[in-house]
Amino acid sequence: MQVALHFGAPFTDENRIQLCLGKNRDRLSESGTVIPRPSSYRKNLRSILKRFKDGTGDDALRAEFLQTVAGTLTPNRLIFSTDAFLGVPRMSVREDQFYPGHTFRLDSFLQLFDGAEVELFFAICNPVTYLHSLMRAYPGEDVASLIEYSDPMLLRWSDFIAGLRETYPQLPITVWCNEDCPLIWSEILQSIAGVEPDFELIGAYSFLEELMDPDGFKRFQEYLKQRPNITADQKSRVASAFLEKFAREDLLEEDIDYPGWTEADVETLTNLYDADLVTIQNIPNITVLQP
C-alpha cells in the first residue's frame, strides 16, 4: 500500500488540496486510491501517533485506524492532508529554524503504516509571508515572543528539508513553493494523487480561477480547450501569461506589516528565500515541482 502525506507548511494551500482531492474521491477510488474525509482522522490522529511513540501501538490499532479512514475499501493508495501534522503554527519557529526537532511525529506515522510505501509532500513559502500569517493567526501577541526571539533573517526551509532527507533517506519527498501553486496546481494534485499527467482532475485550475477575473479565466479555459495536446510546461507558461494579464490585483498584492521592518528588510529576506530554493534543489533525491 502507498501512503501520501501532505503535511504543510501552515498558511500555504489553506486546505485547498484536501478540498480539491475530495471532489475527485469517487473517480480516484475506482483505481484504489482513498481520500479519507478529514473528520475521520484529524481529531484522533495525534492520539494514535502518541500511542506508537509510547510503544503501545499495535496491529489491532493499525487495523482499527485503517477501517476508520477507508471503511470497507482495500486501498492501494491512501492520501492524508493536514498542515498541523507537526504541531500548531505557534510552535513552528524556534532557534532560528522551522520546526526544529518536530519530525518525531513522522517516526510514529511510519510505525502506524509499517510496511507501506510512504511519500512526503510539503509546500514552502516566503518566510516574510509566513511570519506575516503567523502574526495574523495570533493577533495581539508579540511576534518576537511567538518565534522565541529567533532571527527571521536566518530562517531557511532548506535546513528543514535537509533534516528530513537525512533522517528519512528512504522516503520520496516532493516540495514546491506556495507562490507557484496557481501555475502548477494540477501537477501538485496529480503528484499527490499518484496519477499520470493525462489524468484530468476536477479543480485542476481552481487556484488559478480564484486569482483571475471571470472573463480572463473563461478565455484561459477556451484556450486550453482548443489546444488539448499541449504539455504541462506549456500549460504553466500559458497560465502565467493569462494570470499576468487578467489577475485580480486585490488578491495578488499583500501588505506586509512586520514590527520594525522596512521594505529593504522584506526584499532582503525574499532574496534569501529565492537563494534557499536553489539550495533545496541541490539536496539529493528531493523532487521540486516548478512552473
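Details
- One residue stands out among those in region 67-90 that are free of Cβ contacts under 8 Å to residues at least 12 places away in the same chain and over 18 Å from the mean Cα position of the chain (by Cα): the one that is farthest from Arg46 (Cα to Cα), which is Thr72.
- Some residue of region 206-219 being at pLDDT 90 or above, under 22 Å from the mean Cα position of the chain (by Cα) and of a type in the set (Phe, Trp, Tyr): yes
- Scanning region 278-291 for residues that are surrounded by fewer than 16 Cβ atoms within 10 Å (Cβ to Cβ) and over 15 Å from the mean Cα position of the chain (by Cα) gives Val278, Thr279, Gln281, Asn282, Pro284, Asn285.
- Some residue of region 47-60 being part of a loop (DSSP other than H, G, I, E, B), more than 21 Å from Ser191 (Cβ to Cβ) and aliphatic (A, V, I, L, M): no
- Among residues of region 23-32 being surrounded by fewer than 20 Cβ atoms within 10 Å (Cβ to Cβ) and more than 15 Å from Tyr205 (Cα to Cα), the one that is nearest to the chain's Cα centre (by Cα) is Arg25.
- A Cβ distance below 6 Å, combined with a sequence gap of six or more or placement on separate chains, defines the contacts here; from region 91-119, residues that are touching a residue at least 12 places away in the same chain (Cβ under 8 Å) reach residues that are part of a helix (DSSP H, G or I) and hydroxyl-bearing (Ser, Thr, Tyr) in the pairs Thr103/Thr167.
- Counting only helices (runs of 4 or more DSSP H) that sit wholly inside region 121-201, those with at least 3 residues that are in contact (Cβ under 8 Å) with a residue 40 or more places away in the chain and farther than 22 Å from Val278 by Cα are 127-137, 143-146, 181-193.
- Count of region 163-183 residues which are over 15 Å from Gln18 (Cα atoms) and in contact with a Lys or Arg (Cβ under 9 Å, 6 or more places away or on another chain): 3
- Test: residue in region 189-196 that is touching a Ser or Thr at 6+ places or on another chain (Cβ under 7 Å), within 25 Å of Lys23 (Cβ to Cβ) and of a type in the set (A, V, I, L, M, F, W, C): yes
- Flag for Asp250 being part of a helix (DSSP H, G or I), closer than 30 Å to Pro139 by Cβ and out of contact with any Cys (no Cβ under 7 Å at 6 or more places or on another chain): yes
- With respect to (1) surrounded by 19 or more Cβ atoms within 10 Å (Cβ to Cβ); (2) over 26 Å from Thr129 (Cα atoms); (3) among the aliphatic types (A, V, I, L, M), the lone exception for Ala60 is condition (1).
- Test: residue in region 164-171 that is farther than 22 Å from Arg94 by Cα and crowded, with 16+ Cβ neighbours inside 10 Å: yes
- Subset of region 89-98 (residues that are of a type outside the set (S, T, N, Q) and buried (at least 19 other Cβ atoms within 10 Å of the Cβ)): Pro89, Val93, Phe98
The values are calculated or read from the model by the stated rules, or taken from the named source; none is laboratory data. As the structure is a prediction and not an experimental result, all values here were calculated from the model. In this analysis, Cβ positions are derived from the backbone assuming ideal geometry, glycine residues included, and neighbour counts consider all displayed protein chains.
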